[in-house]
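Here's the structure, in structure tokens; my notes come after.
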Amino acid sequence: MPAPIRSNAPVTDSHPSPTGASTRGPTGTFFLVLAVSMSMIQYAFMLGFLNVGIVQIQGELKAGIEFTSWLFLGGQMFSVLISLVAGRLGDSYGRKRVLVILYSLSVIGSLLALIAGGPWLLLIALTLQGAALATPSLASAIIQQQVAPKHVPVAIGWQYGSQSIGSLTGALLGGFLLVNLPFQTVFAIPAALAAAGLILTLVFAKKDENLTRQPLDWKSSSLLTIGFFTFILALSEVNVWGVSSLSFVGCIALSIAAFIGFVVSSRRSANPLIPLAVLKSRSVWMSLLLVTLFSVATIFDYYMLPYFLANPAESGRGFGWTSDAIGVVVAFTGIFAVLGAPLSGVVTRLIGSGKSMAIGFGIAAASQLVMGWVPFPAEFIYVIQAAAGLGAGWAFASVMNAVVEGATINVPALLATIVSLSVVMQTVGNSVGIATTAAIVSGSTRPDGVLPPSTFIILFSIAAVFYGAGLVVALLVRRARATSGELLPESEVDAPVIKL
């Protein structure tokens, strides 16, 4: 391989445009971002609807809670199986092409859910819709490639903020429709959204240029996928299986063996799924660490909010609110998360992704400290949750901007692959947060169903710690040197040019 070309010119743009990138006007940019983001809006709508209607669905299907939990977990696990491979195939053979395939799977899954009369067909349908969770990496790569560089941070912000739009709409509209319609009918909306996204992508996303067309190393790809799949499965089921169970220990052992096998296979492969040198790059692994920290923190945050609001006021922490009042607060929080995402893009463009991330993490951490430690009147919850939603939406969009930026500068040919790895790390973080939170809540709940004040102090403080850790890491992020498509040696990749 020829020696990497080292550029001595200062890097002035957070998202340098790759060769062949096209620019668009505001209207074209809007429709492109809408097209590639529709899959996440669709899937988030479905999850929001399921959160509201899961009790009714469970009753109509005559299924137990162990089964219905897989209505949420099935799509997540399916996405883990396909995300990394989809990202790499997109980088090699066309991101638009692979995105269209994933959209098609989402449409099929939505249509199957529309006619599902039994639990197993519904599970298969919702699992197929997990294909939507594999699309953000391809969507981010298409945005970076086909949007003018100065608009990329805001476009990425809107892309990831769209998830909150879907969740809000699903919870509010889905809950309303469930009153008078069979639950299967509501799945017509995700089907329509996925179909619209498919059509818009075919119309507004341009054909990829300068593709590597490198064959996929199925051995290293399979090993890394198995490693993540078994690790996330173990975390998801640990509270059911138990830490000492054969199932949990076996999954963890298989996961470790698969990760070791991936490293060995990648060293021997001429074309591994992800070159190990890329994973060693500081700008890459720091971004992946930030995704994980955020994902753990936000689960503690959002998981505990309904418990806090429903907990009786006489217990010392909580207001004893009913589900409708809780829904209003959750929706209010989501609105500010939607606003925080594109706002972070504007700030990222002005001061860089590192400082922008620090602002988002700082706001979110402060809100969690107040939730855990400061007694406040019920009316003040809206102020705190406005900050929590704004900080979380801001931090997440800034982190994903940093992931896209780091991959674009270091390995533009593997942009979708690196972003897909960040999506998998988000799932890992979510699984850690859910398992830990569920264990603490289960262990501290009193016989009358009330949670003591100490539980909220502990869990909101943990969220603040993870957000705070994200703030510290964000301030340490440095921008790597840009190259002419070649991966720099480690000493060069880590050499800071501009402090974000």
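Couple of notes before you dig in:
- Size of electric dipole in region 276-500: Cβ of Lys, Arg +1 and of Asp, Glu -1, about Cα centre, debye, nearest 20: 480 debye
- For region 206-280, the square roots of the Cα gyration tensor eigenvalues, ordered a ≥ b ≥ c, give a/c of at least 1.5 with a/b greater than b/c, which places it in the prolate category.
- FRET efficiency, Val374 to Ala438 (Cβ-Cβ, R0 25 Å, nearest 0.05): 0.50
- Taken over region 310-443, the convex hull of the Cα atoms encloses 123 Å³ per residue.
- Helix-only [θ]222 nm of the chain, DSSP H runs n ≥ 4, -39500 (n - 2.57) each, per residue, nearest 500: -26000 deg cm²/dmol
- Options [x] 22.5; [y] 52.3; [z] 30.4 - which one matches mean projected area of the Cα convex hull in nm² as calculated here: [x]
- Size-normalised alpha-carbon gyration radius of region 329-385, reference 2.2 N^0.38 Å: 1.28
- Each label point was placed 7 Å from the Cα along the Cα-to-Cβ direction; for Phe332 and Leu279 their separation is 4.5 nm.
- The lysine pair tally for the chain, using Cα distances under 21 Å and a gap of 8 or more places or different chains, is 8.
- For the chain, a crude dipole built from +1 on the beta carbon of Lys and Arg and -1 on the beta carbon of Asp and Glu, taken about the Cα centre, is about 1260 debye to the nearest 20.
- Each of Val278, Leu99, Leu476 was scored by the projection of its Cα onto the charge dipole of the chain, and the greatest displacement toward the positive side belongs to Val278; charges sit on the C-beta of Lys, Arg, Asp and Glu.
- In the chain, the longest principal axis of the Cα atoms and the axis of helix 218-241 are about 20 degrees apart.
- Shape of region 271-372, Cα gyration tensor, a/c cut at 1.5: prolate
- Amide N of region 85-110 lying under 15 Å from the label point, which is placed 7 angstrom from the Cα of Trp218 along Cα→Cβ: 85-86, 89
- Summing Cβ point charges (Lys, Arg +1; Asp, Glu -1) relative to the Cα centre of region 263-335 gives a dipole of roughly 720 debye.
- Within-15-Å neighbourhood charge of Gly449 [Cβ basis; K, R +1; D, E -1]: 0
- Total formal charge among the other residues, if their Cβ is under 14 angstrom from that of Ser266, Lys/Arg +1 and Asp/Glu -1: +4
FYI, it's all coordinate maths here, none of it is from the lab. Worth saying up front: this structure is predicted, and the values here are computed from it rather than measured. Cβ: placed from backbone, ideal geometry, glycine included. Neighbour counts: every protein chain shown.
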